[in-house]
1. Quick one: in segment 48-71, which of the residues that are surrounded by 17 or more Cβ atoms within 10 Å (Cβ to Cβ) and in contact with a helix residue (DSSP H, G or I) (Cβ under 8 Å, 6 or more places away or on another chain) is farthest from residue 104 (Cα to Cα)?
2. For segment 116-138: of the residues being in contact with a helix residue (DSSP H, G or I) (Cβ under 7 Å, 6 or more places away or on another chain) and closer than 21 Å to residue 83 by Cα, which is surrounded by the most Cβ atoms within 10 Å (Cβ to Cβ)?
3. If we scan segment 95-103, do we find a residue that is outside any loop (DSSP other than H, G, I, E, B) and surrounded by fewer than 20 Cβ atoms within 10 Å (Cβ to Cβ)?
4. Touching a residue at least 60 places away in the same chain (Cβ under 8 Å), under 14 Å from the mean Cα position of the chain (by Cα) and on the phi < 0 side of the Ramachandran plot: which single residue out of 86, 40, 100, 59 fits that description?
5. So residue 141 passes all but one of these: (1) in contact with a strand residue (DSSP E or B) (Cβ under 8 Å, 6 or more places away or on another chain); (2) surrounded by fewer than 18 Cβ atoms within 10 Å (Cβ to Cβ). Which condition number does it fail?
6. Being closer than 19 Å to residue 33 by Cβ and modelled with pLDDT of 95 or more narrows it down to one of 100, 59, so name that one.
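The values are calculated or read from the model by the stated rules, or taken from the named source; none is laboratory data. The shown structure was predicted, so the numbers you read here are calculated from the model rather than taken from an experiment. A quick note on method: Cβ atoms are made from the backbone with ideal geometry, for glycine too, and the neighbour counts reach across all protein chains shown.
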């Protein structure tokens, strides 16, 4: 009869399994690592200029969930929620730049989306940190138009 494994044998098996999973997880990712220091921020004047420029094909990405996007967004922005960002998205094909925004300065969604797009291989990704709230506070238009509450 075979004796049951000792506690130290189980620990060894468990440690080997955890080490194998960690190595597999580290080796499976071929996406580049993107840090906060890689982010490029733009202000409202640069966003407005990019929107008006016909020389550049710039796509503005609203990273908020669809119901929030539908309430109001920056004119011309497309909606790609963070969870839906993928490599080779047809909407981002052949663009010269991508400008990402979310609600405001404290909304981490825009930062996470910018980093995710860079990790997926998209170039010229910028983050409009002021977001929709700053855009509205500066009296800029939205789609659909918001009721003036002043």
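1. 58
2. Top of the filtered list is 128.
3. Checking segment 95-103: at least one residue is outside any loop (DSSP other than H, G, I, E, B) and surrounded by fewer than 20 Cβ atoms within 10 Å (Cβ to Cβ).
4. Answer to the check: 40.
5. (1)
6. Answer to the check: 100.
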